[in-house]
Amino acid sequence: MSRFYVTTPIYYVNSLPHVGHIYTTVVADTLARYHRLAGDEVYFLTGTDEHGQNIERAAAREGIPPLQLADRVVARYHELWREIGVAPDDFIRTPEPRHYRGVEAMIRRIAANDDLYLARHEGWYCSPCETYYTEKELVGDKRCPIHDLPVEWKEEENVFFRLSRYQQALLDWYDDPSEPVRPRTRANEVRSFVEGGLKDLSVSRANLSWGIPFPGYPGHTVYVWLDALSNYLSALGFGRDAEDGLYDRFWTGGDTRLHLIGKDILRHHAVYWPAFLLSAGLPLPTQVWAHGFWLKDQRKISKSAENVARPDHLVAQFGPDPLRYFLLREMVFGQDASFSDEAFVDRYNSDLANDLGNTVSRLVTLSRKAFAGRTPPEACGDNPVLAVAAQAVADYRKAMEELAFSRALEALWRLLAEANQYLVSREPWKLIGREDERSRLSRVLWNGLEAVRIVATGLLPVMPQVAARVLAAIAAPPAEPSLDQLAWGGLATDRELPPPSALFPRIDKAAFLAPPAAQEPGEAAQKEAQPMIAIDQFMEVQLKVGTVVAAEAVPKSQKLLRLTIELGEEQPRTVVAGIAQQYGPEAMQGRQVVVVANLQPAKLMGIESQGMVLAASPGDGAVLLAPLQPVPNGTRVR
Ligand code: MSP
């Protein structure tokens, strides 16, 4: 058994989570689940990075304290992780006292090593990155190379960290045979940056009140990156007098200390962070793994480039697991990939509905028919599927250890394809009812079901709910799931098989992707006939943003939720919304919605609804509309 510590970046709270944040966290969750199934001791950490100028400014724009803004976004993170089956062991927030203690302890060790001094600092500053750039690094007309936004000139007295001292130690670290920085191409970029010479790093900010006061330097605030990076230790109890053992278990005594990050924050994690740790005399991470970007229309999906992709509608309609599968299957870990609803539907239909769903339902149906509703009575230990399974499992495990998720899933799908080909070649449907072929029929179907069992076991870390459903569907729910169950031979014979249910109903791609008008010809015709309206007619409808402060199911109704919405008025309003099938009451708490505020009240199931929330209605569904960034309650929508 080994000890496995995995972290995600801690996310900024000046915008709501998008697919970039979801991706890293799903990867971390998958790895945590995989290592737990392997019998390892696992600790999975995520959290939020809440200090700094950006958050201070975003909160000032709304006229609220930074912590209030942060609370709102943090609530959404918690809810989102629940919705997509992400189960971290801990969620750290940088304003927490335990984090202050960790940062202070880190700085005390760095200061004791004589690595801090005061000096004047000037340079080009990108506030979204919270980073200084040299003139050479800027692009176009003095714009940030990451955000392509104008940078600002900043001059102030700062505390400096003697980064230049650590050039050789860092280069030696990159050369370690364990290749601590991955993928190799990115490690090479970092190496050339360091070889180019390291300047000392400014690690404090003046005139910033929203942050951790710099110990020993009154009037200075800890630079957000020194603050944020320390979360990986403070969450484990570093800096606390009475340690609860996590720090010793997972940092100093851990076997794997893995930071998962996006490629834009590699320098912070592969240069600054190890240098801080070297200075503090603490062990370095064993691996920093930088993945690529999710792109939409060839551009990075980000809060600053207004092309944010929030796949909430995909989760609301199909549950979390198809999205988890899509993210891990579609992106080659380390490279960029494109995100689109179309690519999602294609993967869903071909891999899940067709390959996996159809194989399961075909095998269950045949087996039930042949063996009176039960799994086949006879197992089989010698057949062509078995050899393919052994290879697929070995490839899957190797790929998972290397964080090559798309390859791991490909390996499982090779086994599915083999099982299908095997069925086609053995034609078991022709053997049903023939007493002389009963034994052969049993072995053929058992082999197919056994292949499915192994595939579903491998899918447990990626699609926990779906994999459990598949295992239940073939009467093989494991009492205690483990990777040992990837070995051939685990399917019990002669067990009752539940009737097959559609695991992945096929998505009608054209209907799903078509704009609503094209979906319903009746509506399109109606639109033709309707006259256009003038802007003042539209303005008569008062649309306002509000925050749901309470939500509960309406008794005896499957569709209705009773929402209490803060609309910036004296009293919150009660609004009854027909969204219960898509959103549970807990998913609504803290969420911003758009409300028709001047709608005549109406009684629904005996409750007076004082307005209506806006939702898109694909088919029978409901997908709530919300502002892309949080805005004050009562803000008009027009
Ligand atoms: N707060 C810092 C991290 C501090 S870690 C000690 C930060 N936060 S962030 O919210 O801006 O970004 C967090 C992560 O999301 C980064 O790893 C970033 O690479 C990732 N992504 C943001 N947009 C992305 C895509 N479009 N695609 C994939 N990941 C991307 O940086």
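For segment 115-137, taking the residues that are of a type in the set (D, E, K, R) and at pLDDT 90 or above, the one that is nearest to Ala228 (Cα to Cα) is identified as Asp115.
The set of residues in segment 454-470 that are over 21 Å from the mean Cα position of the chain (by Cα) and surrounded by 23 or more Cβ atoms within 10 Å (Cβ to Cβ) comprises Ile454, Val455, Ala456, Thr457, Val470. Inspect segment 193-205 for any residue being assigned to a helix (DSSP H, G or I), at pLDDT 95 or above, among the β-branched types (Val, Ile, Thr) and under 26 Å from Glu402 (Cβ atoms) and give the result as yes or no. Yes: one or more hits. For a quick check of your reading of the model, give me the residue pairs whose first member lies in segment 598-612 and is acidic (Asp, Glu), whose second is surrounded by 14 or more Cβ atoms within 10 Å (Cβ to Cβ), with beta-carbon atoms closer than 8 Å and at least 6 apart or on different chains. What qualifies is Glu608/Thr574. What about Gly546, is it modelled with pLDDT of 90 or more, surrounded by 15 or more Cβ atoms within 10 Å (Cβ to Cβ), closer than 21 Å to Leu80 by Cα and not β-branched (Val, Ile, Thr)? The answer is yes for Gly546. Look at segment 67-82: where a residue is touching a residue at least 24 places away in the same chain (Cβ under 8 Å) and a partner is buried (at least 19 other Cβ atoms within 10 Å of the Cβ) and of a type in the set (A, V, I, L, M), sitting 6+ places away or on another chain with Cβ atoms under 6 Å, you get Leu69/Ala59; Ala70/Val13; Val73/Val13; Arg76/Leu16; Glu79/Ala587. The number of residues in segment 146-168 being outside any strand (DSSP E or B) and exposed (fewer than 15 other Cβ atoms within 10 Å of the Cβ) comes to 4. Being more than 14 Å from the ligand (Cβ to nearest atom), in a helix (DSSP H, G or I) and either under 21 Å from Ala337 (Cα atoms) or in contact with a strand residue (DSSP E or B) (Cβ under 7 Å, 6 or more places away or on another chain) (or both) is a property that holds for Arg249. Of all residues in segment 369-393, those that are within 39 Å of the chain's Cα centre (by Cα) and either of a type in the set (D, E, K, R) or over 21 Å from Leu471 (Cβ atoms) (or both) total 4.
Looking only at residues that are of a type in the set (Ser, Thr, Tyr) and part of a loop (DSSP other than H, G, I, E, B) in segment 599-638, which one is nearest to Pro311 (Cα to Cα)? Filtering first and then ranking leaves Ser617.
Scanning segment 422-442 for residues that are surrounded by fewer than 18 Cβ atoms within 10 Å (Cβ to Cβ) and in a helix (DSSP H, G or I) yields Val424, Ser425, Trp429, Lys430, Glu435, Asp436, Glu437, Arg438, Ser439, Arg440.
So Glu528 ticks every box in (1) under 30 Å from Pro376 (Cα atoms); (2) modelled with pLDDT under 90; (3) among the charged types (D, E, K, R) but one. Which box is left unticked? Result: Glu528 fails condition (1) only.
Sort out which residues of segment 369-405 are closer than 20 Å to Arg426 by Cα, part of a loop (DSSP other than H, G, I, E, B), touching a residue at least 40 places away in the same chain (Cβ under 8 Å) and of a type outside the set (Val, Ile, Thr), and write them in order of number. Hits for segment 369-405 are Phe371, Pro376, Pro377, Glu378, Ala379, Cys380, Gly381, Asn383. Checked against (1) outside any strand (DSSP E or B); (2) more than 10 Å from the ligand (Cβ to nearest atom); (3) closer than 26 Å to Ala468 by Cβ; (4) among the hydrophobic types (A, V, I, L, M, F, W, C), Ala59 passes all but condition (3).
Just one of (1) more than 13 Å from the ligand (Cβ to nearest atom); (2) buried (at least 22 other Cβ atoms within 10 Å of the Cβ) fails for Asp227. It is (1). Just to be sure before I move on: is Glu566 touching a Gly at 6+ places or on another chain (Cβ under 8 Å) and either surrounded by fewer than 16 Cβ atoms within 10 Å (Cβ to Cβ) or within 22 Å of His78 (Cβ to Cβ) (or both) in the structure I sent? The answer is yes for Glu566. Inside segment 335-353, residues that are in contact with a Phe, Trp or Tyr (Cβ under 8 Å, 6 or more places away or on another chain) and surrounded by 14 or more Cβ atoms within 10 Å (Cβ to Cβ) make up a count of 12.
Quick check on my filter: what residues within segment 110-129 are within 16 Å of the ligand (Cβ to nearest atom) and in a loop (DSSP other than H, G, I, E, B)? Passing the criteria: Ser127, Pro128, Cys129. Ser178 falls short on exactly one of the conditions (1) modelled with pLDDT of 90 or more; (2) surrounded by 12 or more Cβ atoms within 10 Å (Cβ to Cβ), and that condition is (2).
Write out, first by first residue and then by second, each pair whose Cβ atoms fall under 8 Å of each other, whose residues are 6+ apart or on separate chains, and whose first residue, in segment 297-319, is at positive phi and of a type in the set (D, E, K, R) while the second is within 12 Å of the ligand (Cβ to nearest atom) and modelled with pLDDT under 85. Partner pairs satisfying both residue conditions: Asp297/Asn307. The set of residues in segment 1-34 that are away from the ligand (no atom under 16 Å from the Cβ) and touching a helix residue (DSSP H, G or I) at 6+ places or on another chain (Cβ under 9 Å) comprises Ser2, Arg3, Phe4, Arg33, Tyr34.
The values are calculated or read from the model by the stated rules, or taken from the named source; none is laboratory data. Here the structure is a predicted model, which means the values were calculated and not measured. Here Cβ is always computed from backbone atoms with ideal geometry, including for glycine, and neighbour counts include all displayed protein chains.
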